[in-house]
Every structure is written in structure tokens, then in C-alpha cells.
């Protein structure tokens, strides 16, 4: 970091050189070069951290804030000319009282108000979420869809929009919720494409749109493309948002949109690089000095736990009574030897994708409240979840086994600092930066590249398919094992694998009928066959997310159906000598429950259900019906309210206690309505359990 930057963060230097500092900033802001203007804005943000120093130059500072376009940073008592007041009011958003947009936000907002569809690439601190809120507040739309990449972001977005718009719109996150005619749907791509009743939006938002591109995304990329294509074909105005994208490979005239790319940030970023020593030693040196909330990015949960233990063993600790209260609750309700409570006692926590959603939410809440000093995280945090981190330590430069690129690096470091809270975010990098080239983003549902999978192409209208895509799908249309409408219903499952499985069942129909024609719940030998067909055919014989064989999958699903209790499953797994330490056993169980119980197995089972029903129907045999069993697995064999409200932040155990004494009904809306009438004292909730309960209640 150059001294030129440092002096604008140096309170002593600013005290003696206030006018000089403002003059230098003014000169940069007057420059015609965008690089100078951005530098001037960054210097100005750094001085705002020490605003009290400039009491004698308040009018000058106010003028520079306006020149830089940082209107949200103007104080209520700022002195402005009539022209400046008019310009200031231009940067308001109708319906959001007391909220002002910065100049780049205002450009996008005005384009959206004019009915123009927009793709926006901007830094993390740009304030993209506020633009969504501003468009909702405009009252131009009765039906709005917001697609987000994770369930954690569903919950965060739901909380924000419910607080702001609950009197005007109903916020819907599940397919079973009733519609009112003034609705905001907040969904992942999987939830959107699985909606049985069509949603006809007038405006839709796609968050983290870079995940449309195969090079930037993951295995869920093509389901996201399917969702985008369906939404785009509705004719609704759209707003695609994401960070640090160089360009879009789609022609603007093909989609009729306007692409904005800004390097406009509302916080300053200071990057420091590691010196000599190992990564662990460098992390220790940094953490020993830090006194503010700090995110530490790690490639995996296992590595994050290992680093946290190393730091604690070497004397880094920040004890807090509130964090310790949560630690004690986790010990009682999961296991005394789980590593997570131990970390909480020292002011640390690990946030990763296999944690129960409620636990992950309350860890993040404690971090934002300052009760946790160090939050070690995997990629779960960089996908848009807001934190109050002043500091980011980029400990590793990989996500799982793959090195991340400049795009992801910028996304991670953009989490440092927060408007009005931490003017300057500090980023500590413990490895060389990736190649500085920023990516261009492709949208396969529009461009239909050679490697576009059939699972996406089958959802594109015939008239929109290219000649190459039509040829690629010719085999699927020619085969007679499985109708195309059945194939399309299994979103994200490879069509050829579905056809091969249908052929396997059809060619051995009598043999399979005994094992696949069950209804309700299967016998163990039937479940074995189901798991083998899922693993060998629909999964292509490749394991993922902790499952490496059909027999292992059958064991975990069977145990879940037999024990029907997370605590009992944990206790059994911990007793298994092959499971490692109690903490490793707990992490393994939580991963299987989250990834396979609640997501993968119900999805694959539903695909197999459709296939067997179609094949047996075609050959004159009675089909099975797996719907009840699939729903039971998805809810971990508990009342549906337990897993649903867990997503809202209420832990499994608390909802389990509630359904033992109260009738919550069977649908999401009834769960939410009934929750408001519950007295936690009757259920003997502890103080911490009441805290979690009322936190959820305040946000529904």
C-alpha cells in the first residue's frame, strides 16, 4: 500500500493538512480520467472515517461528497445551494424515505424506471440490493421474482424485504404459500423451476448472474439458465446483478438490455500482502493484532477448523458471554465434544454449507453484533451474504481443489468494510493474486454453445433452438423409452441418463416391478434397488457430497427413516470407531442430512418415480408412487414445520418442541401464522432459545 493512500487514513497527518488533503482530492475528482476520479473518491472515503477533523472545512467537504457522487454520506445539516438541493433530491428513490442513492446507483435506477432491462456489474459495496428495494418501492409491479443462489440468501433477502414491504407485498419463498396478487417471490433457481403453478412476473431479478456462465458456475449453472430462460420468455423487465464482470458475450439487441459496469465503491479497500513465514504463521501474526470483526476465507470447512484451532492454541482469543451462551446450547443439543462450541468460547466460529441453516444464521448474527471476532468461512459467505466485517484474511486461494480467479478474488475482498460502519476495509492476502484479467460471461440458454447440455436444451422452445441444438436433441425425440414431457420434469438430471434408466427398467420390467412398484414407504430391499438405480444411472456411478456408493446411500437414508432424530443419528455415528473424532462424526452427519436428506435424494427419487410410472404404465403394470416417502425424507422424517422453520432461523429442536404442544397446520403460511401465538415460557425455553425464537418472530 503506497504512502499516498496511507496519509488519507492517518488522523495525525489529516489534522495538520486538512485543506491540503481536500485540495488534492478535488483535483483528482476534476480529472477527466476515470482512474483519477476513482482514486479521488477512495481518498475522500478515507477522510470521512475522520470526519470530525474537518469541522472548519465542512462546506468544502460537503461539496466534494457531491462531486464524488457519494450523496448517502451527506449529513442532514449539510449546507447546499438551491442547485445542489435539486441535484440532491434527484438522487432519492421514490417510496424509500430518507434514502439517497449515489450517482452510479441513480443512473441505473433511472434506466430501470424507464422500463429498460439492465445487467449490472459493480463491486460488492455498490449497493445493488438497495436498487432492488427501490424498484419494489416504485409500486410499478404486482408480481416480482428474485432469484438468489442459496437458501441463506433467500432468508436474508426475505428478512430485508419483509421489514420494508410487508404492508404492501406478500413475500413468498415456498411453492405451497398462497398468493395475494401483490407478491414478491424469493427463490433459488431449483425452487423456481419446480413451481407447479406458473409465475407471471412483471419484473425479475437474478442475483450473482455470473453463475449463468459455465466457466464461472457449478453444476447448478444450467438449472439457473433454465430459470432465466423461462423468466426471460415471460416478457418481464429484468435486472441481473453481480460483481466484477468485464463483459457479456450476448448481444444487447438479442436480449434488449443495457449493460452497466462500474468500479464505483462506497468503501475504501486497503490490501496488505503476507511477508515471510508459513500461511499459519502469517495468519497468527495478523490475528494477534486485529481488534475488529474479521472474516477468514478458507478453501474447506476442514481447513477452517484446523486453522481456528491453531490460532486458539497460540493464544488468540476473544471471549464473549453471548457467544459462550450459544456454545453451551450447542453442546447440550448436539454434542459436548463438537469443535464449534469450543471455538465460540474463544470468539471464533466456522461458517460452511453443511451446517444446519439456523445455526449458520445465528453464527452470522453473533458475528455482525460483535460477539464473534473471527468468522472462518468457505464460499458460503462470498455469494452475497452481508456481514459487518472490517477485515478479510484470504488465507487460501482455492475453493475446494480449484484455484479461484481474479473474479472470485475481487468478490471475496469486496466483503471487507461496510458503508457507514467501516469506511476502510482491510484485506490481508496470504498468497499471490490470481491473473488480473476479469471474465466475460456467457449465457448458454441464449447462445447455445457446443457444450450446452441436453438438460438445458430440452427446456428451450423449438423455435429458439439452433440447428446444432436441434441435431443434438434428435436422439431424445427419436427414442421411445421415455416421453419428452417426463424427461423435462426432472430438472437438472441428465436426459440421456434418464432414458438409459428407463430402458433398463423396460427391458427387465417383470424383474424390477416387485422392487419399484411400492407406495408409501419401501422395504429395505426395495430401498436398496432404488439407491442402486439412482447411483448407477442417474448419478452416472460417481459419488458426491460425502456419498461414494449405492450401499452407503441406502444405509444413510435407511438410518434416517428408522431413527427419525438428528440427536439419535449423531449418537450412533459417534459410537462408530470408523467415524473419527466426535466432531468429525458430527460434521459428516450434518453434511449427509443437509445435502442428501433435504436435497439430492428427494430430487433423484422424484426422477426415478416419474420414470418407473411412465415405463410400467406403458407395459401395462401398476406403477409405484414415491411422493409421500420423498416428502418424508426431505423433511428428515419430522413434521414439515421443523425443516421449514429451520430455514427461517428456528433450530430443529425448538420447532420439534413446539409441534409437540401446538397445532401448526401443514403449510408454510399456517406455520408462520401459528408461530405468532406461541408462548416460549410454556415450553420452558432457555434465555438463548427465547433470543432465537424472538429473532425469528421479528422477521416473519
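The values are calculated or read from the model by the stated rules, or taken from the named source; none is laboratory data. Since the model is a prediction, treat every value here as computed from it, not as a measurement. Please note: Cβ atoms are built from the backbone with ideal geometry, for glycine as well, and neighbour counts cover all protein chains shown.
Here are the numbers:
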quantity	calculated
Selected residue (criterion: surrounded by the fewest Cβ atoms within 10 Å (Cβ to Cβ)) from residues of segment 387-412 that are in a strand (DSSP E or B) and in contact with a strand residue (DSSP E or B) (Cβ under 6 Å, 6 or more places away or on another chain)	394
From 441, 458, residue being under 30 Å from residue 123 (Cα atoms), in contact with a helix residue (DSSP H, G or I) (Cβ under 7 Å, 6 or more places away or on another chain) and either buried (at least 20 other Cβ atoms within 10 Å of the Cβ) or not assigned by TED's automatic domain parsing to the domain that holds residue 219 (or both)	441
Scan of segment 139-169 for residues that are more than 20 Å from the chain's Cα centre (by Cα), crowded, with 17+ Cβ neighbours inside 10 Å and not in a helix (DSSP H, G or I), ordered by number	141, 143, 169
Residue, modelled with the lowest pLDDT, within segment 420-443, restricted to residues that are outside any loop (DSSP other than H, G, I, E, B) and more than 21 Å from residue 70 (Cα to Cα)	440
Checklist (1) more than 27 Å from residue 39 (Cβ to Cβ); (2) assigned to a loop (DSSP other than H, G, I, E, B); (3) touching a helix residue (DSSP H, G or I) at 6+ places or on another chain (Cβ under 9 Å) applied to residue 97, failing item	(3)
Every residue from segment 353-386 that is part of a helix (DSSP H, G or I) and under 18 Å from the mean Cα position of the chain (by Cα)	357, 358, 359, 360, 361, 362, 363, 364, 365, 367, 368
Test: residue 280 is under 19 Å from residue 397 (Cβ atoms), at pLDDT 90 or above, surrounded by fewer than 21 Cβ atoms within 10 Å (Cβ to Cβ) and touching a helix residue (DSSP H, G or I) at 6+ places or on another chain (Cβ under 8 Å)	yes
Residues of segment 8-23 that turn out to be in a helix (DSSP H, G or I) and surrounded by fewer than 18 Cβ atoms within 10 Å (Cβ to Cβ), as a count	8
Hits in segment 24-49 (condition: assigned to a loop (DSSP other than H, G, I, E, B) and in contact (Cβ under 8 Å) with a residue 40 or more places away in the chain)	49
Exclusive hit being touching a residue at least 24 places away in the same chain (Cβ under 8 Å) and either buried (at least 17 other Cβ atoms within 10 Å of the Cβ) or over 21 Å from the mean Cα position of the chain (by Cα) (or both), set 589, 619, 642	619
Matching residues in segment 661-700 - criterion: being on the phi > 0 side of the Ramachandran plot and surrounded by fewer than 13 Cβ atoms within 10 Å (Cβ to Cβ)	684
Lone qualifier among 84, 89 - being within 30 Å of residue 132 (Cβ to Cβ) and free of Cβ contacts under 8 Å to residues at least 12 places away in the same chain	89
First in segment 512-525 and without any contact (Cβ under 8 Å) to a residue 60 or more places away in the chain, second anywhere and in a helix (DSSP H, G or I), Cβ under 6 Å, 6 or more apart	515/526; 515/529
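Condition check ((1) surrounded by 19 or more Cβ atoms within 10 Å (Cβ to Cβ); (2) assigned by TED's automatic domain parsing to the domain that holds residue 651; (3) under 30 Å from residue 402 (Cβ atoms)) across all residues:
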residue	(1), (2), (3)
294	yes, no, yes
299	yes, no, yes
309	no, no, yes
319	no, no, no
324	no, no, no
332	no, no, no
352	yes, no, yes
